[in-house]
Amino acid sequence: MAQDSCNNTINNNFDDLHKPLNLQQAIAESGRCLYCYDAPCIQACPTSIDIPTFIHQIRSENTIGAANTILTQNIMGGTCARVCPTEVLCEEACVLNTSIDQPIEIGLLQRHAVDHLMKNSKQHPFERAKNTGKSVAVVGAGPAGLACAHRASMLGHDVTVYEAKEKSGGLNEYGLAAYKMVDDFAQNETDFIMDLGGIKVIHNQRLGDNLNLENLQNNYDAIFIGVGLSSTWSLDLDNEDTEGVLDAVDFIESIRQTKDKSQVEVGNDVIVIGAGNTAIDAAVQAKRLGAENVTLVYRRGEEQMSATSWEVNLARTNGVSIKLWSAPKCIIADEHVAQMEFVKTKTKEGKLVETNFTYTLEADMVLKAIGQKLELDDLNGIDVERGKIVVDENYQSSIEGVFAGGDAIDCGEDLTVQAVEDGKQAAHAINSFLGGDS
Amino acid sequence: MDIRSKPSLKCNVAGIESINPFWLASAPPTDKYINVVRAFEAGWGGVVWKTLGEDPAVVNVSSRYGVHKNRGNIVGINNIELISDRPLQTNLDEIIRVRKEWPDRVIIGSMMAVIEERAWKELAVKIAETGVQGIELNLGCPHGMCERGMGSAIGQVPEMVEKVTRWVKEVVDIPVFTKLTPNITNILWSAEAAQKGGCDAVALINTVNSITSVDLDLMAPTPTVGDQGTHGGYCGAAVKPIALNMVAEITRNHDTKDLNISAIGGIETWKDAAEFIALGAVGLQVCTAAMLYGFRIVDDMIAGLTGWMEEKGYQTIEDFRGKAVGNTVDWNNLDMNFDTKALIDQDSCIECGRCHIACEDTSHQAITFDVADNGKRIFTVIDDECVGCNLCQIVCPVPECIDMVPVDNGLEYMNWTNNPLNPMNN
Ligand SMILES: Cc1cc2nc3c(=O)[nH]c(=O)nc-3n(C[C@H](O)[C@H](O)[C@H](O)COP(=O)(O)OP(=O)(O)OC[C@H]3O[C@@H](n4cnc5c(N)ncnc54)[C@H](O)[C@@H]3O)c2cc1C
Ligand SMILES: Cc1cc2nc3c(=O)[nH]c(=O)nc-3n(C[C@H](O)[C@H](O)[C@H](O)COP(=O)(O)O)c2cc1C
Ligand code: SF4
């Protein structure tokens, strides 16, 4: 009995982080929108959603119309509404973001509209153009790949998506924090996207393994690579492969893939190394799984953290303690990790240097979140520079007819919304490449 | 030492003393003993009892009010209710009781009857016998009662307005208020008719004929009764501008300027009240605001009006009553050489662009839109293009960000009557 209620508490910890707005709240919030002209929020959205228009549509109780406005620009408007760091995107640009007022809750309003459409509309909102007779292969069923597939299919091409994993969605399914993507939203959204028709997904197909570029080139008129960053950086420390030392992304994946969260293994003294999205998500979720002490350690200061201040606050309010200016020195372990030693750092003439001060922290779990990178072996000779696939302004890689987007290329931030924009734009570029109007 | 005493809200409406000018208009809030007592407890100076008719009492339908909202806020409501649906004697008994219990408050009896001398006279006498301080003639209902030849059916015909007023004046010796309908072409015709009939005051406005919305599923106007609806009387904040104008029409007209006016229509706050008084009203009546928020709103009406009068140095309501009448003129008397320009305060501008798009699309292309190197969106008025229409100031969401600044163009006062372009001057 006591165990049951404890398990319930853990599962409740993974409920919606931001509760959705009900109709009354949505109408009230949309009423605050000033309906700006040439609104700054539109420019701040990587997919250029016409935000004042969709909010106006919510206000006029044309909620389906609002959803269509959103989805026309961003077919993953549902996921983006849940996971976009709006505090540094649209909501940062909101003109009400002044000392006298709060920005409009654009993310929550967007979710309200898209959820309404996905729940209530029987028909997919878009139609395919006349079939062009051309075929497109998409590698990777993450946001970049699916957005590209959806738009390419809308433009009349037949699309086949090859995905290494068992399920579609990429990090929407395996990486985003569980409390942002409740009720299997990633799969629901994938199904919604597939409803357009003209898209076939084949799972367990890995480029560089059971799939190669040449074959794809022979069988398709164009190719889009949206493989994301499937490898991670290591700390280069001894004992890194002992039990209890994990990649944060693997830890998060196990949370996402376990329905009953109380069954996910978590340590009591958890150290998270890193300062980005992934580090914050790993730390907060570890805490919500019941870890007693979660310490996030970063070698520089708070200003240099790539996580937004909103996310850093989220970690703090969830009881994560944050240690700055500390670099990992060694992992102390028998069979299992036991402690970690850190050296204090500082900047000297603009460079990060170690000091003589060291300290150790107890640890029965260490989560590494110091960055993801391209799996170069998969790429079959496509040019890569500074760890990203090189593309021209039309998203075309060094190989003609092979396009790329999402985290795999160097374009804006590594965010879901940017991946969607890349996929959408690449589809238009592919369409031109195949002789259509862009 | 401050020798000034606190301003007094005491007033005299057509010979009736009232502790303050705030009365409740004839409507559901003044429908029966309990409502009226609660209103007096809350501080209202008087009530006009819900309109009484001859027995048998009318029967009301179920589903009675419609609403007109904008951005979630109520702009106005309408109703399809008739007059009091309780037996006449029940109402009369309750009036006698409240008059006794609340001697310092005003009760006006409102009445309506078919266009028959006997009917008006008999009913007026019965009501006067309860001890009410005055009688109000409801010539305004634009729905239901008018289909039976009452309400606005009478109020829309000046001869009948005069006749009915005279009938009642002939049989009672207390002040008679003639309540006018706004559903007419010219309010002066009704006001003058009431005056000719001998009224002691006019009360205006009654509700405006309206359909607030259409239920697009039922395909029927709201409020729906079953699967049908009808037009009803519109009231609340939305009708205030209509009422203000009608009051001003009467107070600035030579023949009617001395008529006592009990002003009604969209009064929600002390400011609304002050505006009606500034245009010459001697008393005020409130209905919708009380229905939407309860009787407690009178607290702020009293405190707000008193505070404002104190600030302005007005000791009594008479000190500022009618002060805006002289400045309310015909268009022909406006200074055509007066010039005012919009000025945008760049520091308080939040860069929403509403002024720009309003002026660009629908006015005079007088506000430029530039983006500075640092990304700041800059909106600037081109003085030569600005005609001073106020639209940008109206749409600006930031209080006091856009100021309309009069400019000295060196030109003398000139109105249409002395303008050389006026064909009458050739
Ligand atoms: C833990 C974590 C939390 C995050 N939180 C947020 C957040 O809150 N908000 C936000 O905006 N962004 C967040 N991000 C970033 C966001 O998830 C990514 O920017 C986005 O998913 C990139 O999309 P993508 O399609 O390029 O890549 P992915 O989502 O990584 O999808 C790539 C797909 O390709 C498949 N694949 C990989 N290699 C191959 C191959 N060789 N052959 C075939 N298929 C292959 C993968 O299995 C995967 O399905 C987070 C990232 C992480 C890691
Ligand atoms: C500033 C202004 C000027 C108008 N001028 C005219 C006019 O010259 N002729 C006319 O028939 N209606 C005129 N109208 C009335 C409008 O055509 C319309 O009937 C009225 O504004 C009601 O519609 P709305 O409130 O939905 O805008 C004018 C309205 C406004 C606001
Ligand atoms: S006052 Fe009217 S004309 Fe002048 S800038 Fe504003 S909107 Fe344009």
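The values are calculated or read from the model by the stated rules, or taken from the named source; none is laboratory data. What you are looking at is a predicted structure, and each value in this text was computed from that prediction instead of being measured. Ideal geometry is used to build each Cβ from the backbone, glycine not excepted, and the neighbour counts take in all protein chains shown. Accessible surface is based on the protein model in full, side chains and every heavy atom, while ligands, DNA and RNA are left aside. Shrake-Rupley method; radii C 1.70, N 1.55, O 1.52, S 1.80 Å.
Which pairs turn up if I take residues in the stretch B:343-355 that are at the interface with chain A (Cβ under 9 Å from one of its Cβ atoms) and look for partners that are among the hydroxyl-bearing types (Ser, Thr, Tyr) with beta carbon separation below 8 Å, at least 6 apart in sequence or on another chain?
Hits for this filter: B:Ile350/A:Thr98; B:Cys352/A:Tyr37; B:Gly353/A:Tyr37; B:Arg354/A:Tyr35; B:Arg354/A:Tyr37.
For the subset of the stretch B:120-137 comprising residues that are open to solvent by 10 Å² or more (accessible area, probe 1.4 Å) and outside any loop (DSSP other than H, G, I, E, B), which member is nearest to B:Thr165 (Cα to Cα)? Steps first, please.
Within the stretch B:120-137, the subset open to solvent by 10 Å² or more (accessible area, probe 1.4 Å) is B:121-122, B:125-126, B:128-131, B:133.
Next cut, outside any loop (DSSP other than H, G, I, E, B) only: B:121-122, B:125-126, B:128.
Details: B:Lys121: 10, B:Glu122: 14, B:Val125: 14, B:Lys126: 16, B:Ala128: 15 Å.
Selected residue: B:Lys121.
Would you mind listing the helices (runs of 4 or more DSSP H) fully within the stretch A:45-146 where at least 1 residues are within 16 Å of ligand 1 (Cβ to nearest atom)?
Details: elements: A:51-59, A:63-73, A:77-83, A:90-93, A:106-120.
Here the list reads A:63-73, A:77-83, A:90-93, A:106-120.
Going residue by residue through the stretch A:291-307, is there one that turns out to be part of a helix (DSSP H, G or I) and crowded, with 21+ Cβ neighbours inside 10 Å? Let's see the steps before the verdict.
Here is the first cut: in the stretch A:291-307, the ones part of a helix (DSSP H, G or I) are A:302-304.
Imposing the further condition that a residue be crowded, with 21+ Cβ neighbours inside 10 Å reduces the set to none.
Among the residues of the stretch A:291-307, not one is part of a helix (DSSP H, G or I) and crowded, with 21+ Cβ neighbours inside 10 Å, which makes the answer no.
Among the listed residues A:Cys41, A:Cys45, which satisfies the condition of being within 14 Å of A:Cys94 (Cα to Cα), at pLDDT 95 or above and within 13 Å of another protein chain (Cβ to nearest Cβ)?
Details: A:Cys45 fails: within 13 Å of another protein chain (Cβ to nearest Cβ).
After ruling out the rest, the residue left standing is A:Cys41.
Under the condition of being modelled with pLDDT of 95 or more and assigned to a loop (DSSP other than H, G, I, E, B), which residue from the stretch B:374-384 is least open to solvent (accessible area, probe 1.4 Å)?
Across the stretch B:374-384, the extreme among qualifying residues is B:Ile382.
Residues are listed down the side, and each one gets a yes or a no for (1) farther than 30 Å from A:Asp209 by Cα; (2) assigned by TED's automatic domain parsing to the domain that holds A:Leu207; (3) within 16 Å of ligand 3 (Cβ to nearest atom); (4) open to solvent by 20 Å² or more (accessible area, probe 1.4 Å):
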{"residue": "A:Asp101", "(1), (2), (3), (4)": "yes, no, no, yes"}
{"residue": "A:Ile106", "(1), (2), (3), (4)": "yes, no, no, no"}
{"residue": "A:His112", "(1), (2), (3), (4)": "yes, no, no, yes"}
{"residue": "A:Ala129", "(1), (2), (3), (4)": "yes, no, no, yes"}
{"residue": "A:Leu146", "(1), (2), (3), (4)": "no, yes, no, no"}
{"residue": "A:Arg151", "(1), (2), (3), (4)": "no, yes, no, yes"}
{"residue": "A:Val159", "(1), (2), (3), (4)": "no, yes, no, no"}
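Does any residue of the stretch A:346-356 turn out to be surrounded by fewer than 16 Cβ atoms within 10 Å (Cβ to Cβ) and either closer than 14 Å to A:Val272 by Cα or in contact with a Gly (Cβ under 6 Å, 6 or more places away or on another chain) (or both)?
No, every residue in the stretch A:346-356 fails to be surrounded by fewer than 16 Cβ atoms within 10 Å (Cβ to Cβ) and either closer than 14 Å to A:Val272 by Cα or in contact with a Gly (Cβ under 6 Å, 6 or more places away or on another chain) (or both).
As an exercise: evaluate B:Thr417 against (1) open to solvent by less than 60 Å² (accessible area, probe 1.4 Å); (2) of a type outside the set (A, V, I, L, M); (3) under 34 Å from the mean Cα position of the chain (by Cα) and give the number of the one condition it does not meet.
For B:Thr417, the exception is condition (1).
Conditions: (1) more than 14 Å from chain A (Cβ to nearest Cβ); (2) free of Cβ contacts under 8 Å to residues at least 12 places away in the same chain. B:Gly280 meets all but one. Number of the miss?
Evaluating B:Gly280 over (1) more than 14 Å from chain A (Cβ to nearest Cβ); (2) free of Cβ contacts under 8 Å to residues at least 12 places away in the same chain leaves (2) as the failure.
For the stretch B:321-352, enumerate the residues that are under 30 Å from A:Leu96 (Cα atoms) and either among the acidic types (Asp, Glu) or in contact with a strand residue (DSSP E or B) (Cβ under 8 Å, 6 or more places away or on another chain) (or both). Walk me through how you get there before you give the answer.
Quick first cut of the stretch B:321-352, residues under 30 Å from A:Leu96 (Cα atoms) only: B:340-352.
If the condition is that a residue be under 30 Å from A:Leu96 (Cα atoms) and either among the acidic types (Asp, Glu) or in contact with a strand residue (DSSP E or B) (Cβ under 8 Å, 6 or more places away or on another chain) (or both), then B:Thr340, B:Lys341, B:Ala342, B:Leu343, B:Ile344, B:Asp345, B:Gln346, B:Asp347, B:Cys349, B:Glu351 are the ones that fit.
Within the stretch A:196-207, is there a residue that is surrounded by fewer than 18 Cβ atoms within 10 Å (Cβ to Cβ), small (Gly, Ala, Ser) and away from ligand 3 (no atom under 16 Å from the Cβ)?
For the stretch A:196-207, residues surrounded by fewer than 18 Cβ atoms within 10 Å (Cβ to Cβ), small (Gly, Ala, Ser) and away from ligand 3 (no atom under 16 Å from the Cβ): present.
If a residue has to be more than 16 Å from ligand 3 (Cβ to nearest atom), among the aliphatic types (A, V, I, L, M) and touching a residue at least 24 places away in the same chain (Cβ under 8 Å) to count, how many in the stretch B:369-424 make the cut?
2
Enumerate the helices (runs of 4 or more DSSP H) found wholly within the stretch B:286-363, keeping only those where 3 or more residues are in contact with a helix residue (DSSP H, G or I) (Cβ under 7 Å, 6 or more places away or on another chain) and closer than 30 Å to B:Val37 by Cα. Explain how you work it out, then say what you get.
Working: elements: B:288-293, B:297-312, B:354-362.
By residue number, B:288-293, B:297-312.
Test each condition in (1) aliphatic (A, V, I, L, M); (2) open to solvent by 20 Å² or more (accessible area, probe 1.4 Å); (3) assigned to a loop (DSSP other than H, G, I, E, B); (4) away from every other protein chain (no Cβ under 14 Å) for A:Leu21 and report the one that comes out false.
(4)
Look at the stretch B:8-39 and say how many of its residues are among the polar types (S, T, N, Q) and open to solvent by less than 10 Å² (accessible area, probe 1.4 Å). Even if it seems obvious, please write down each step before you answer.
Quick first cut of the stretch B:8-39, residues among the polar types (S, T, N, Q) only: B:8, B:12, B:18, B:20, B:26, B:30, B:35.
Retained after the next criterion (residues that are open to solvent by less than 10 Å² (accessible area, probe 1.4 Å)): B:18, B:20, B:30.
Looking only at that region, the number is 3.
Which of the residues belonging to the stretch A:58-89 are open to solvent by less than 40 Å² (accessible area, probe 1.4 Å) and either of a type in the set (A, V, I, L, M) or within 14 Å of chain B (Cβ to nearest Cβ) (or both)?
Let us first name the residues in the stretch A:58-89 that are open to solvent by less than 40 Å² (accessible area, probe 1.4 Å), namely A:58-59, A:63, A:65-67, A:69-71, A:74-86, A:89.
A:Ile58, A:Arg59, A:Ala66, A:Ala67, A:Ile70, A:Leu71, A:Ile75, A:Met76, A:Ala81, A:Val83, A:Leu89 - these are the residues of the stretch A:58-89 that are open to solvent by less than 40 Å² (accessible area, probe 1.4 Å) and either of a type in the set (A, V, I, L, M) or within 14 Å of chain B (Cβ to nearest Cβ) (or both).
Go through the stretch A:24-43 residue by residue and tally those that are within 21 Å of A:Asn74 (Cα to Cα), crowded, with 19+ Cβ neighbours inside 10 Å and among the aliphatic types (A, V, I, L, M).
Adding up the residues that qualify gives 2.
Quick one: count up the residues across the stretch B:364-373 that are assigned to a loop (DSSP other than H, G, I, E, B) and either open to solvent by less than 40 Å² (accessible area, probe 1.4 Å) or at the interface with chain A (Cβ under 10 Å from one of its Cβ atoms) (or both).
First, the residues of the stretch B:364-373 that are assigned to a loop (DSSP other than H, G, I, E, B): B:364-366, B:372-373.
Still in the running and either open to solvent by less than 40 Å² (accessible area, probe 1.4 Å) or at the interface with chain A (Cβ under 10 Å from one of its Cβ atoms) (or both): B:366, B:372.
Here the count works out to 2.
Out of (1) open to solvent by 10 Å² or more (accessible area, probe 1.4 Å); (2) assigned to a loop (DSSP other than H, G, I, E, B), what's the single condition that is false for B:Gly140?
The single condition B:Gly140 does not satisfy is (1).
Determine which single condition A:Thr53 fails, assuming it passes every other condition in (1) away from chain B (no Cβ under 14 Å); (2) among the hydroxyl-bearing types (Ser, Thr, Tyr); (3) open to solvent by 40 Å² or more (accessible area, probe 1.4 Å).
(1)
Give, as residue ranges, the strands (runs of 3 or more DSSP E) completely inside the stretch B:168-218 that count at least 1 residues that are more than 17 Å from B:Gly236 (Cβ to Cβ).
Working: elements: B:176-179, B:201-204, B:208-210.
Where strands (runs of 3 or more DSSP E) fall fully within the stretch B:168-218 and carry at least 1 residues being more than 17 Å from B:Gly236 (Cβ to Cβ), they are B:176-179, B:201-204.
Taking the condition within 14 Å of chain B (Cβ to nearest Cβ) and buried (at least 19 other Cβ atoms within 10 Å of the Cβ), does A:Cys94 pass?
Values: within 14 Å of chain B (Cβ to nearest Cβ): yes; buried (at least 19 other Cβ atoms within 10 Å of the Cβ): yes.
Answer is yes for this residue.
With the structure loaded, tell me whether A:Ile382 is outside any strand (DSSP E or B), closer than 27 Å to A:Glu303 by Cβ and touching a helix residue (DSSP H, G or I) at 6+ places or on another chain (Cβ under 9 Å) or whether it fails that test. Please lay out each step first, then the result.
Working: outside any strand (DSSP E or B): yes; closer than 27 Å to A:Glu303 by Cβ: no; touching a helix residue (DSSP H, G or I) at 6+ places or on another chain (Cβ under 9 Å): yes.
Against the criterion (outside any strand (DSSP E or B), closer than 27 Å to A:Glu303 by Cβ and touching a helix residue (DSSP H, G or I) at 6+ places or on another chain (Cβ under 9 Å)), A:Ile382 does not qualify.
Testing A:Leu367 on (1) out of contact with any strand residue (DSSP E or B) (no Cβ under 7 Å at 6 or more places or on another chain); (2) surrounded by 16 or more Cβ atoms within 10 Å (Cβ to Cβ), one condition comes back false. Which one is that?
Just one mismatch for A:Leu367, condition (1).
Can you name the residue in the stretch A:310-334 that is at negative phi and touching a Gly at 6+ places or on another chain (Cβ under 8 Å) and is also surrounded by the fewest Cβ atoms within 10 Å (Cβ to Cβ) among such residues? Before the answer, list the steps.
The first filter runs over the stretch A:310-334 and keeps only residues at negative phi, leaving A:310-318, A:320-324, A:326-334.
Still in the list and also touching a Gly at 6+ places or on another chain (Cβ under 8 Å): A:324, A:333.
On the way: A:Leu324: 17, A:Ala333: 20.
Restricting to residues being at negative phi and touching a Gly at 6+ places or on another chain (Cβ under 8 Å), the top hit is A:Leu324.
Are any of the residues in the stretch B:300-316 aromatic (Phe, Trp, Tyr) and open to solvent by less than 70 Å² (accessible area, probe 1.4 Å)?
Looking for residues that are aromatic (Phe, Trp, Tyr) and open to solvent by less than 70 Å² (accessible area, probe 1.4 Å), one finds at least one in the stretch B:300-316, hence yes.
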